[in-house]
1. Just wondering, is there one or more residues in region 83-90 that are assigned by TED's automatic domain parsing to the domain that holds R45 and under 27 Å from D316 (Cα atoms)?
2. Pairs only if they're at least six apart or on different chains, beta carbon under 8 angstrom, first in region 43-54 and at pLDDT 95 or above, second of a type in the set (S, T, N, Q) and assigned to a loop (DSSP other than H, G, I, E, B); list them, first residue then second.
3. Just to check your reading of the model, which residue among G312, G317 is in a loop (DSSP other than H, G, I, E, B), in contact (Cβ under 8 Å) with a residue 60 or more places away in the chain, small (G, A, S) and surrounded by 14 or more Cβ atoms within 10 Å (Cβ to Cβ)?
4. Please tell me if L322 is under 27 Å from E156 (Cα atoms) and touching a Phe, Trp or Tyr at 6+ places or on another chain (Cβ under 9 Å).
5. Filter region 254-273 down to the residues that are buried (at least 20 other Cβ atoms within 10 Å of the Cβ) and within 22 Å of V147 (Cα to Cα) and list them by number.
6. Within region 149-169, which residues are among the aliphatic types (A, V, I, L, M) and surrounded by fewer than 16 Cβ atoms within 10 Å (Cβ to Cβ)?
7. Just a yes or no: is a residue in region 16-33 in contact with a Leu (Cβ under 6 Å, 6 or more places away or on another chain) and under 22 Å from N115 (Cβ atoms)?
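The values are calculated or read from the model by the stated rules, or taken from the named source; none is laboratory data. These numbers were taken from a predicted model, which means no experiment stands behind them. Cβ placement follows ideal geometry from the backbone for every residue including glycine, while neighbour counts extend to all protein chains displayed.
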Amino acid sequence: MSSTEQPTLAQWILDTRAWFPEVSATQQLETHASRAFSLLPPSSRTAILRYYHPRDAKMALASALLKHYAVARLSHTSWSQLLAANNPDGAFTRDARTKPVYIDPATGTQPVAFNVSHQAGIVAIIAVAGYHPPSTGEAQAEVGVEVGVDVVCTSERRARDHAMIARDGWPAFVDMHGDVFAPGEVRYLKHRVLSTAAGLVPASAPTAEQVVDGKLRAFYALWALREAYVKLTGEALLAEWLRELEFVDFRPPRPTAAWEVPAQEGDGEREDAEVIRRVDIRFKGEKVEDVNMCLRSMGPDYMIATAVRTPGRKEDGLGWSLGPYELLSLEEVLDFAESSRW
């Protein structure tokens, strides 16, 4: 494959936590976010303004902007072309598995594969453009590339989680989510995670609170890994095969000192690793060897899991580097959108 044929893999984040601090009710976004709304189809505006909490509406706004930004920038399509798509819901539709996609109306192809996740004010997108899978004549090869991403925040529901665990115990907390975890993962979380995933709690005399925090970090790391994988497949957490998917002896990355401190690659096998790349995935007992995954810390509370697969030729996706996400500003995205409206 020549250098001109190399695909582009982009990973971007919008941090909405400081957006429009003067907004106390969602409807106020119509005024304060009018510039952003003017760059989106009416259907997006309607969907965003349905959210009761402004924080959720802001994440929905960021998600809509990121999807348009990724497709316009990576496929060299003007923003105006996206808005002019012959679809009442805008440029994006849903495929047979209800996964959001962009289909180029001129070619009928999907020039950019993408997936979006949001949690606690952070919205992330992974997008791949320009990947041309080998033509083998098999239907699977025509899938091209599949991507998934999930952001989790260990502190968003910390008070609630601690209260539930204090009342019912850690095993009961894990069992509450047992229908979306594999049986082996449930046993691991209940009985082995602290001894196997070293470094989750202080080595010397940890407090009860620190022990719970360590277990919760492992719980949310597993949630992120599973969600990214499931989203890569285009399924949802109600997939019939969900309990047959298992992440074996997984562990979370060590937190970074602050949000703005990039995770250090280092040796992913060390207990102080801030980026985890070696993930043992089993599906129906068989080792999954065609999915490239990465789990990285973003500050003390956030983790982001990324998954990529190229079904037609697995070595392509396995060879791609899933590096750090680039933080974009709202101004950056809006400036790009306005400059590409030709």
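1. no
2. Cβ pairs passing all conditions: P54/S24.
3. When all the criteria are applied, what remains is G312.
4. On the way: under 27 Å from E156 (Cα atoms): yes; touching a Phe, Trp or Tyr at 6+ places or on another chain (Cβ under 9 Å): no.
No: the conditions fail for L322.
5. A263
6. Start the filter on region 149-169 by keeping residues that are among the aliphatic types (A, V, I, L, M), which leaves 149, 151-152, 159, 163-166.
Residues satisfying the conditions are A159, A163, M164, A166.
7. No, every residue in region 16-33 fails to be in contact with a Leu (Cβ under 6 Å, 6 or more places away or on another chain) and under 22 Å from N115 (Cβ atoms).
Yes/no per residue for (1) in contact with a helix residue (DSSP H, G or I) (Cβ under 6 Å, 6 or more places away or on another chain); (2) in the same structural domain as L242 (by TED's automatic domain parsing); (3) of a type in the set (G, A, S); (4) within 27 Å of F219 (Cα to Cα):
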position	(1), (2), (3), (4)
A273	no, yes, yes, yes
I281	no, yes, no, yes
E286	no, yes, no, yes
V291	no, yes, no, yes
G299	no, yes, yes, yes
I304	no, yes, no, yes
L330	no, no, no, no
